[in-house]
Each structure stands twice: as structure tokens, then as C-alpha cells.
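The values are calculated or read from the model by the stated rules, or taken from the named source; none is laboratory data. Being a predicted model, the structure only gives us computed values, none of them experimental. Glycine gets a Cβ as well: all are built from the backbone with ideal geometry, and neighbour counts include every protein chain shown.
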Amino acid sequence: MTQFQTDPAPSRATTGATLLEVEDLHVEFRQRSGVVSAVNGISYSLAEGETLAILGESGSGKSVSAQAIMGILDVPPAVVSGAIRFEGRDMLAMSAEDQRQVRGPGISMIFQDALSSLNPVYSVGWQIGEMFRVHQGASRKEAKRKAVELMDRVRIPAAAKRVDDYPHQFSGGMRQRVMIAMAIALDPRILIADEPTTALDVTVQAQVMDLLKDLQRETGMGLILITHDLGVVNEVADNVAVMYAGRIVERGTVDDVFTDAGHPYTEGLMNSVPQVEAKGGRLQPIVGQPPNLAAIPSGCPFHPRCARRRLGAEAAPGRECSIDVPPLRLVASGREAACHYSEEVLGVRAV
Amino acid sequence: MGRYVARRLLLTIPVMLGASILIFSVVYALPGDPIRALAGDRPVSPAVVQVLTERFHLDDPLWMQYWEYLKGLFQGDLGTDFRGRPVLDTIERTLPVTIRLTIVAVIFEIVIGLTAGVLAGIRRNSYFDNLVLVSTTVVVAIPILVLAFLAQLLFGLKLGWFPIAGTREGWYGYVLPGLVLASGSLAYVARLTRTSIAENLRADYVRTAKAKGLPPRRIIVQHTLRNSLIPVVTFIGADIGALLGGAIVTETVFNLPGIGREVFDAIRAQEGAVVVGIVTLMVFFFIFFNLVVDVLYAVLDPRIRYD
Ligand SMILES: Nc1ncnc2c1ncn2[C@@H]1O[C@H](COP(=O)(O)OP(=O)(O)OP(=O)(O)O)[C@@H](O)[C@H]1O
Ligand SMILES: [Mg+2]
């Protein structure tokens, strides 16, 4: 496996002050063909120095919720509601101009595909330096000097020579570093990384993750890491939130959730990937397809695919999986899960 | 890049030669007798016919005629028409008219076409966007001849804003013909710009620009327009090459003695030297502006490299 230079015992969450509180966030896309409910009331918070991993299948709303927090969804067609408090101020209630000024120095984001996310017609130095020119009124020369510094900081070799090169002249890993340099240019309080390493090969993945962790240690920023890679989550994240159909279905520390899932969906995720403890066990992919967000199943949205679902006479009163929506509730100390029968799920993996 | 341009320029020489041979043989193959055509209905004495035939090598085989033509060409002599006027003089007289017409047309393409396209692309599905869609469709659907008469009627006669014919009023006289000539390309530029902008607005790097906290203006101007205009600029560049070929209809309707009308008249009169001279020049413009476009493309888009 890849090696990370993280501390042996990652600090157990909420070390510093709370930076971000997301409360009952909803995002809908109103389209001619109907309404797509991509995010359906998620809540979480992020503290200084904390790394929160967001897990979930494709289409579960991870990217959309991140982009809603950044305020970069096109409204319309997107409709965003709820509250997104950054250092206590609700971003959704701010003017567009105030919101814009949070982007960059306050919250910043890196995207999965660095090649298409960088503008092909400007040099990387120009694009990094733009942060200083726009947010700090720096001169061109000054901005370029700082861009070189940043490229050094994200360990791009021969930064001074490459500052005038264009994105297509870099390798995938180097391009992702350029993205990172741009995102951390103004020392943001929060960095959202949306699958920052998916497009990279394993060695480069590890380097990029190391870099992010090092930067976090230097600046104490909060990191929201969206990924499919349970191995990465296991090694770098403090807390994890598992999303399904635009909801958070389970939340807790990585150690807890990974050793003993409290939601059948999380359990399914753990069983469907080769890494993570349970060596020798057979892989069991989750059956069925992710739900259509224009027609989310009633009750628990996961119930059509759930092996532990209880219907009809099997179900406890008021807890029928196909009818009653399970709220996200405390199921053990520091653990929340949205399953009527979470207590039965917990403890199973200890077998 | 310099080497690429030099190579392309060198390549134009054989292309031009080939083009002139082609045009030469087409003119040569035209049915009818140019000397009779020149005389019209008047009778011509056989002696005159013979003198003219010899002077213009009309009885020589094609390759010999072409050889004579080439010899002249390398001395800067494009030959003369049957009335003895040098072809070079004819070009000097008519080309400026066509150049002015082209300049005015291109200004219209840029000012109206580009602006309309940008605004429509930014505000897609707005009232203005629909207006642009409908009006460009209408403009493209109407034949240029009808457009020309409409423009003359409306802006020339009814409103009296612009002269409707001739070049006596200088640049002012080029406004209406320029607009009519530009109309098709203008509509195309507007459409192309609109589509290109709408497409780029959805690009990942525009999303990045938003995430960087850039002001909306900057997102549009620096991160959308620059990328969107690449295909538009290259289209306009190529269009200049085509417009310089002269516009027979526009020049005729607005009575502008440009290169297009000249070559049209020359074809009817079977003025071989004039046709070959002017058409070869048109081919040159076309090739040259396509080269300019390719160079521009590399300047605008760093991903393009010619080596
Ligand atoms: N602009 C949009 N208009 C309509 N629907 C959208 C739009 N953007 C996203 N969606 C829908 O929202 C849902 C959630 O998408 P999102 O990109 O957040 O998924 P994700 O969890 O990030 O998946 P992945 O792991 O594949 O990146 C998807 O079903 C997607 O089709
Ligand atoms: Mg995503």
C-alpha cells in the first residue's frame, strides 16, 4: 500500500474552533423534465485542522453539496436552501459580492480533472497569480513572484522555469499541484478537495495526499475530502460522512465507522472494496442501482437495495423501511446513522 | 513558427502557379471569339482580326500562350486587355473599391455580429437571445439581392440616411453595400459567438474561475470570452480572404466599380488577361488570409504548435 506521513494517531476531530456549519442543506435542480433532488437536507460541521471525508456512490450528491457550499452552482437551475455558516456568517444570506470575497481566502476548492479545470489559454503562473491580483491588488510582477513561491511550496520542480508554461505542458500530477497551489494561494480556512486524486496513478495519488496533509498541518485549515477511495479515507481523515441519495446516512470518526458500520449502506461499501482490514473475506458489491434522484424511493431511500430491510409484519410499528423515513440519529457514542435498525447492524462486523 | 510561416509562404508559389494554369485553360476553352465580342455588331476587317490575333497570340497553343504570360508576369507585366489597357491599371483602379467594401463589411461583422453573439450567449434564452436567433435566421434566409434592394429602399430612399449607389461620397457610400455584403457573415458570426460562449460558460475552467472568487465581469471577459472568440476570429480572418474576392451582386446593385464586377464583365467579354490576372489575385488573397488565420490560431491558443 501507499505510505502517508501522517501522525500515527490522527487527532480525534474537533480540535480547534468550528469553521463551517452546514445545516439542513437542500439542492434541487428544476428542469423541464422535473425536479432533481440532488441534496436532501444534510448537516455537518468542520473544525480547524479537521479532515472530514465524504463518501458515497456516484450521484449521491457529494460534488453538488460541495459546490453549493462554494456558492458556484448556477442559480437557476439550482435551488439552494438551508444554512451554510462560515465562521458564523450564513453564506446563503450574504450578498453575492460578500460571498465572492469568501471564495479564495475563506473557502477554496480543488476539482477532480485538473486539465479541464485549468484554463488552457493562460499560463499556470498567470492563473495562480490571478488570486493575488484580484484579491490583494498585487502587481503583475509581484503576483508572478508569489506564484513561483507557491509552485515551490507544492513541490513543482523548477518552478521558476515552468511558471510561464501552459497547463497542457504539465503531467497530470503536476497539474493537480497547480490546482492545489491556486486553491491554497490565499491561505484559505477551508479547502474542499473533490476527488483530487482520482485521475492520478497510485504513487502520484499518495504524493498529492501527503502534500495536502502537510499543508493542512502548516496552516491548520479544515479539509473536506470527497473521495471513493476508502484507503485514503482510512489514512488521512478524522471524521467521515457517508452520503446516499443526497442524504447523510452515517457519520462518525473514521476509526469507528470503519471498524463497525452502523448503516447497511456503509456496511455494503466496506464489503465492496478489497482494502480495509477484513482480509480474506469475499467481495460483495451492493446490489441494484443508485436511485433516480427525480423519483427517490419512499421511506428509507436505500430500502430497495437493502438486505436488512423490514417490511410489513417484520417491521416494528412506525419503523417500516418502505414507508417511514429514518432520521439521522445518535446510535452509539459519537455515532449517527439513519437506519431504523442500526443497533442490529452495529457489532455485526466484529465477527 | 517563423519556419512554418516561411514554408507556407513558399508553398503559395506552386499553388498560385497551378491556379493560374487552371484559370488560363478555362478562359482558353471558353467558346466564342473574343475579337468579335469586342467589336459587337460592327463588321471587322480580316486584317484587323489578324493583327489582333497575332498581338494576343490567340492562334498559339495553350502552353505557348501561358509561357508568354509567365514571361510578362516575371517582369511585373500582367498583360493588357484587348483595348490595350494594362491589366495592372485595371486592378489598381478596382481593387481599392473592393478593399474599402471589405473593411466596412468586416467592421459590421465585428461590431454587430460579435456584440450580438456575446450578449445572446451570456443571456441565453432571454428576450434578446431569441431576437438574435430569429433575426439571424431571417437574414440568412433572404437572398442577398432582395436584402440589397430592401436596404436601398429603406435606408436610402425612405429615410435618406445613406447614398444608394456609387462611390462619390467616399466612405459614406460604402455603408449600405457594406452592411448588405456583411449580412450573411454577420449572422453567422453572431450564431457562432453565441454557441461558443454558451459552451464555454459550462466549461470546467469557468467553474474554477468562480471558485477562485473572481468578479463576474472577469469570469466573462478573461475566462469565457478569450476562449470563445478563437473560432470566431478565425472565421472572420478567412472571411476577409473571401470578401476580397469581390462581390458581384453587391457591387452591381450599388454600382461600385470593384474587382468582382470587373471580373464578371471580363468573363463576358472574354478578356482572358483580365480574368486570369484578377482571379489569380483572388486566389492569393484567399490563401494568404488562411495563412493569417492559422498563425492567429496559434497565437490565441497555446495548445496549437506548428513545427
Ligand atoms: N446542473 C445539474 N442539473 C441537473 N442535475 C444535476 C446537475 N448537477 C448535478 N446534477 C445531478 O445531481 C446528482 C448528484 O451529482 P453529484 O455530482 O453531486 O454526484 P457525486 O456524488 O459527486 O458523484 P461522483 O462520485 O460521480 O462525482 C446527480 O444525479 C447529477 O445528475
Ligand atoms: Mg462528484
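The rows are residues; the columns are (1) within 14 Å of chain B (Cβ to nearest Cβ); (2) free of Cβ contacts under 8 Å to residues at least 60 places away in the same chain; (3) within 16 Å of ligand 2 (Cβ to nearest atom).
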{"position": "A:G222", "(1), (2), (3)": "no, no, no"}
{"position": "A:G231", "(1), (2), (3)": "no, no, no"}
{"position": "A:E235", "(1), (2), (3)": "no, no, no"}
{"position": "A:N239", "(1), (2), (3)": "no, no, no"}
{"position": "A:A245", "(1), (2), (3)": "no, no, yes"}
{"position": "A:V249", "(1), (2), (3)": "no, no, no"}
{"position": "A:V254", "(1), (2), (3)": "no, no, no"}
{"position": "A:F258", "(1), (2), (3)": "no, yes, no"}
{"position": "A:A261", "(1), (2), (3)": "no, no, no"}
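When only residues in segment A:31-40 that are more than 16 Å from A:I84 (Cβ to Cβ) and either among the aliphatic types (A, V, I, L, M) or within 14 Å of chain B (Cβ to nearest Cβ) (or both) count, which is farthest from ligand 2 (Cβ to nearest atom)? Steps first, please.
Within segment A:31-40, the subset more than 16 Å from A:I84 (Cβ to Cβ) is A:31-37.
Okay, now just the ones that are also either among the aliphatic types (A, V, I, L, M) or within 14 Å of chain B (Cβ to nearest Cβ) (or both), so A:31-32, A:35-36.
On the way: A:Q31: 19, A:R32: 24, A:V35: 20, A:V36: 15 Å.
Top of the filtered list is A:R32.
Of the residues B:F254, B:F289, B:F284, B:F264, which single one is away from chain A (no Cβ under 14 Å) and either free of Cβ contacts under 8 Å to residues at least 24 places away in the same chain or within 22 Å of B:R194 (Cα to Cα) (or both)? Explain how you work it out, then say what you get.
Numbers: B:F254 fails: either free of Cβ contacts under 8 Å to residues at least 24 places away in the same chain or within 22 Å of B:R194 (Cα to Cα) (or both); B:F289 fails: either free of Cβ contacts under 8 Å to residues at least 24 places away in the same chain or within 22 Å of B:R194 (Cα to Cα) (or both); B:F284 fails: either free of Cβ contacts under 8 Å to residues at least 24 places away in the same chain or within 22 Å of B:R194 (Cα to Cα) (or both).
Result of the check over B:F254, B:F289, B:F284, B:F264: B:F264.
Conditions (1) touching a Gly at 6+ places or on another chain (Cβ under 7 Å); (2) modelled with pLDDT under 90, marked per residue:
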position	(1), (2)
B:K158	no, yes
B:F162	yes, yes
B:R168	no, yes
B:W171	no, yes
B:V175	no, yes
B:Y188	no, no
B:R194	yes, no
B:A198	yes, no
B:L201	no, no
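Being surrounded by fewer than 14 Cβ atoms within 10 Å (Cβ to Cβ), more than 14 Å from B:V27 (Cα to Cα) and aliphatic (A, V, I, L, M) is the filter here; which residues of segment B:48-69 pass it?
B:V48, B:V51, B:M64
May I ask you to list pairs of residues, at least six apart or on different chains, whose Cβ atoms are under 6 Å apart, with the first in segment B:40-63 being of a type in the set (D, E) and the second being assigned to a loop (DSSP other than H, G, I, E, B) and at pLDDT below 70?
Hits for this filter: zero, empty list.
Among the candidates B:V111, B:V139, B:V132, single out the residue that is closer than 19 Å to B:V232 by Cβ and without any contact (Cβ under 8 Å) to a residue 40 or more places away in the chain.
B:V111
Among (1) out of contact with any strand residue (DSSP E or B) (no Cβ under 6 Å at 6 or more places or on another chain); (2) within 16 Å of ligand 2 (Cβ to nearest atom); (3) on the phi > 0 side of the Ramachandran plot, there is one condition A:T197 misses while meeting the rest; what is its number?
Of (1) out of contact with any strand residue (DSSP E or B) (no Cβ under 6 Å at 6 or more places or on another chain); (2) within 16 Å of ligand 2 (Cβ to nearest atom); (3) on the phi > 0 side of the Ramachandran plot, only one is false for A:T197: (3).
Can you go through A:M179, A:M151 and tell me which one is more than 14 Å from every other protein chain (Cβ to nearest Cβ) and touching a residue at least 12 places away in the same chain (Cβ under 8 Å)?
Result of the check over A:M179, A:M151: A:M151.
Limited to segment B:222-235, what total is found for residues that are hydrophobic (A, V, I, L, M, F, W, C) and surrounded by 23 or more Cβ atoms within 10 Å (Cβ to Cβ)?
Of the residues in segment B:222-235, 1 are hydrophobic (A, V, I, L, M, F, W, C) and surrounded by 23 or more Cβ atoms within 10 Å (Cβ to Cβ).
State all residues of segment B:201-221 that are within 8 Å of another protein chain (Cβ to nearest Cβ), buried (at least 18 other Cβ atoms within 10 Å of the Cβ) and in a helix (DSSP H, G or I); if no residue qualifies, say none.
Correct list: B:Y205, B:R207, B:T208, B:A209, B:K210, B:A211.
Output the residues belonging to segment A:41-95 that are away from ligand 2 (no atom under 16 Å from the Cβ), within 14 Å of chain B (Cβ to nearest Cβ) and polar (S, T, N, Q).
A:S95
Please tell me if A:I110 is at pLDDT 90 or above and either basic (K, R) or touching a Lys or Arg at 6+ places or on another chain (Cβ under 7 Å) (or both).
No.
What are the pairs, 6+ residues apart or on separate chains, where a residue within segment B:70-85 that is surrounded by 14 or more Cβ atoms within 10 Å (Cβ to Cβ) has its Cβ under 9 Å from a residue that is in a loop (DSSP other than H, G, I, E, B) and polar (S, T, N, Q)?
Between residues of segment B:70-85 that are surrounded by 14 or more Cβ atoms within 10 Å (Cβ to Cβ) and residues that are in a loop (DSSP other than H, G, I, E, B) and polar (S, T, N, Q), the close pairs are B:F82/B:Q270.
Report, by residue number, each residue of segment B:175-200 that is under 23 Å from the mean Cα position of the chain (by Cα), surrounded by fewer than 24 Cβ atoms within 10 Å (Cβ to Cβ) and of a type outside the set (A, V, I, L, M, F, W, C).
B:G184, B:S185, B:Y188, B:R191
Read through the list (1) surrounded by fewer than 24 Cβ atoms within 10 Å (Cβ to Cβ); (2) more than 7 Å from chain B (Cβ to nearest Cβ), then give the number of the only condition that A:I107 fails.
Going through the list (1) surrounded by fewer than 24 Cβ atoms within 10 Å (Cβ to Cβ); (2) more than 7 Å from chain B (Cβ to nearest Cβ), A:I107 breaks only (1).
Can you pull out every residue in segment A:115-148 that is facing chain B (nearest Cβ under 9 Å) and of a type in the set (A, V, I, L, M)?
Kept after step one, since they are facing chain B (nearest Cβ under 9 Å), are these residues of segment A:115-148: A:115-123, A:127, A:130-131, A:134-135.
Correct list: A:L115, A:L118, A:V121, A:M131, A:V134.
From the list B:P34, B:P43, exactly one residue is at pLDDT below 75 and surrounded by 14 or more Cβ atoms within 10 Å (Cβ to Cβ). Which is it?
Answer to the check: B:P34.
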